[in-house]
Structures are given as C-alpha cells and as structure tokens.
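The values are calculated or read from the model by the stated rules, or taken from the named source; none is laboratory data. These figures come from a predicted structure and were not determined experimentally. When we count neighbours, we look across all protein chains shown, and the Cβ atoms used for this are built from the backbone with ideal geometry, even at glycine.
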Amino acid sequence: MAFVDLWRGILYCDVRKLLQQQAAACHARTGEEAIPILRFVPTPSSIDKDKVPRGDARLWRNIAVVDGRLKYVELQLHWDPTLLSEGLYITDGWVAATFSRPTDISSSSDNNDDDNNNTATAWSAFAARVSGEWDGYSAEFTSAGDPVPLPENVVPEAFREWGVPVLDWQTQCPTLADPAAPPCALQYRLVRLLPTVGCEADAAAVHTSHQRHASSAAAFAYASGGSYVAAWPRGPAPVLEVEHCVVRPGPGGGGEEEVSRVRVVQTVALGKEARLRGVKVFSEQWYGPFRNGEQLGGCAVRETAFAGGEKLDVSEVLGRWESRDAAVARFSDQMDPETVSNTEHREMHIGLWKLLMMSDDEQGKFAELAPTEPPTTTVWRDADGVVTLPKQLWSAFKEHGDGEFLCEVGWALGGGSAVTSRCLVTKDGDVKASASDFHFFFQR
C-alpha cells in the first residue's frame, strides 16, 4: 500500500509482509503484534531547479510500475523568449525526463552489487568532473566548415559600421550532475550573451537560454574523466544532434587548475539521404562550482573568439593512427526518439504517457564508456567526410556499413597526438555505439 505525492515522494507500507509476520506470530503463539513499518521514498528533483512544487502535479509528473520497476516521468515546457503580451509567452516544444528504480523499495541494491558499485563510482567521478560553471565562446559552421555569421539584428551598430564580421557567441554552460543519483541525472543550461563592444563586455545581456536534461537524450555515454557523447532527437523526423564533449587530457576537475574542453555538436539528417547539416563548436573553460550562471562572464572569460581563425590542416588528420586507452559504450537496437522530445504541443501528453509506460531499455540508452579489449588498435583515416575546423578540430560524417553512419570529432593536441569521440548511428536514428576518451598517436 502506498500514498503518492508526486511533488515530494511515496509513503509506503509492505502489507503482505505485515500479514506474513502476523501469521507467523499467531502460529508461534507469542502474542506479539506485528508493527507496520512505513518507508518514505522521495521523488527525484525537478528538472527545473527553480520550479516551486505547487499546484496539480499531475499536469507535469506521473508514476507507474513498468516491467517490475517504479517509473517516474516529468514534463518541462520550453518557452519562446518572445513576449506576446504582459505575462504571456508561447511554447517552443517540450522535453521529458524519466527515472526508475526497483519496486522493492526496501532494498538498496540488487544481486549485482559489484557492477552497481563500479557504475556508481564511474558516475560519481564523471559528475564531479562535469559539474560547474563552463564559460567560453561558440560558433556555427556549415557542412563544408565555413563559419556562419551571427544574425544582423544582434550585431552592435559599431561592428556593422566598421564592416567587422561577428562570428562567435559568448556563452555560458552551467552544468550539474548529481553524483549520488542514478546515471544520467545531469542537466545543463546553454546561455548565449549578446555581442558587446569594448568595455561594454562587463554589461553583457542574455540573448537566449535553453536547458537540457540527459534523460531526454536518445543515447548518453559518459566517461569518468568528464567526457561524454549524447544524441539528441530533433522532432519526429530522423534528425539527431550528436554532441561530443571532449575534455583536454591533463590535470583538473576541481581546485584551481585550468580545465578546458570542447563540445562539438553535429546536426545530421538521416533517412533516405543522410547528410551533415552543420556543426556547432563550443570552446569552454571551467570557472568554478555550479552556481546556475548567476554571474555573467564578461571580460573575465579566458577564452577568445575563434570562428575566424586558421583551420586545422587536413594532412594532420589523414593516415595511420594507433589508439590507446580506448573506451566504448554499446547499445541495444531499441529506441523511440519521438517519445523523449517533441515540438508539437498537441502531442505532448500523449508522448508523456507513452514515455511513462516504456521500459528502461526502450525509453533511452545510458551507459558508461568502458575500456576496450584489446586496449590498442589501429585506425586508418582518409579524407572521406572530413571537415577541418579552427581550434585544431575536425569533424567527419561518413557511411559505415549497411544503413549505418559514423559521426566523428577529433581534437589535435600537438606532437602527433589527438583525442577523438565517435558515435555510430543508423539511418532510422538509432544509436548503436559511442566511443570517447581515445588517445591516438600518429604513425608517419
């Protein structure tokens, strides 16, 4: 028997166990009465940390038992920043986050304690490395690697008068992962700041702010070093945003060390005519513990604009590479990306109910990037699908077998070494495998 408060949690009593205890006491004629034991299981924290838990929770949350597990789902609307009238905004799609746990609430672990502990340790290490304030710059590139200028309406008049092209956004990405929660309890907010001129930088204003939760990803693979690969569905069509977050190898992850990373997002259209639509690059540094972006970076940002910089020479990419310390996550073949995010408001609650009733394997894919066997392999890389970018980066999208495509991102570190991130997807938008934290050494 359970009493459910969708905002707070579940108050639960195992009546069957209570009856068994009473029957045993009667059989033993001890005269003792079985005392009911109440247990409380809190519901997961809200996707929106600023949301006040009030009102009818059934509009945004639900819970059910699916395949022997408690399945919890929460809905969050995205709002268009355009104000229609006082206090009235329009919706811009929605996203749903899901969590699950065994129905045996009194049990804190399954039989595979060692595997659970290893996964928890890897997730905790990843959460510590990925959480914090990440500030820097971002730019968008065409499928050919050409930078896309910012919209003219956001460019300061002084730049337009001087004929100076503005290609980069200053960005913030406050990220929070709960090390004590199940894997994929991660969210981040992407903030774009309006371009400024000179000393006005410290008065930067927010242009857009969008939040993402790992639970809405079609697939999410993470490494203890802080890198991850995520595939985000874009509406009902087979279009994915494949996000590669690559942390530069070296010291960092807390303290005062300088920690840098790049996030490269490949937008790929799949289906009958698969192609790369474009690439977004985020060059970021860690500035301290998570504060939800309460302070704008302004002139204090250590990163600089990069979109107009020199591109990586393609000769630095091609040839024979030897991989070491490779890590891979492999997924099953089941996925329904339509049910985890959508832009159609009329389908919102239908999609939410479908998502609630799906099993964990059907709903999404979350896995640790684990070391491969053998640890050293050889890769031959040619020019097919390779697009070079500034910041010593490259992107590649190419066919990889029957109906499968390889999304790859690389970061040349100098001295003939690089770190890469790869994701294997099908023409239907399914994700087969992800690989990251590769360290390649070029063989001339």
Checklist entry - Has the stretch 315-325 got at least one residue that is more than 17 Å from LYS391 (Cα to Cα), modelled with pLDDT under 95 and surrounded by 20 or more Cβ atoms within 10 Å (Cβ to Cβ)? => result yes
Next on the checklist: Quick check on the stretch 140-167: of everything there that is more than 18 Å from ARG192 (Cα to Cα), out of contact with any Leu (no Cβ under 8 Å at 6 or more places or on another chain) and touching a residue at least 40 places away in the same chain (Cβ under 8 Å), which residue is surrounded by the most Cβ atoms within 10 Å (Cβ to Cβ)?
Outcome noted: THR142
Next on the checklist: Which residue is modelled with the highest pLDDT, if the candidates are limited to the stretch 368-410 and must be farther than 24 Å from PHE331 by Cβ and among the aromatic types (Phe, Trp, Tyr)?
Outcome noted: TRP394
Checklist outcome for this item: Among residues of the stretch 134-167 being at pLDDT below 95 and charged (D, E, K, R), the residue farthest from CYS184 (Cα to Cα) is GLU161
Checklist entry - Considering ALA230, ALA201, ALA217, ALA237, which residue is at pLDDT below 90 and crowded, with 24+ Cβ neighbours inside 10 Å? => result ALA217
Item to check | Hits in the stretch 382-401 (condition: over 18 Å from GLY414 (Cα atoms) and assigned to a strand (DSSP E or B)) | outcome: VAL386, VAL387, ALA396, PHE397, LYS398, GLU399
Checklist entry - Only one residue in VAL265, VAL247 is under 29 Å from LEU75 (Cα atoms), at pLDDT 90 or above and under 20 Å from the mean Cα position of the chain (by Cα), so which one is that? => result VAL265
Checklist entry - Any residue at all in the stretch 47-63 that is part of a helix (DSSP H, G or I), of a type in the set (D, E, K, R) and modelled with pLDDT of 75 or more? => result yes
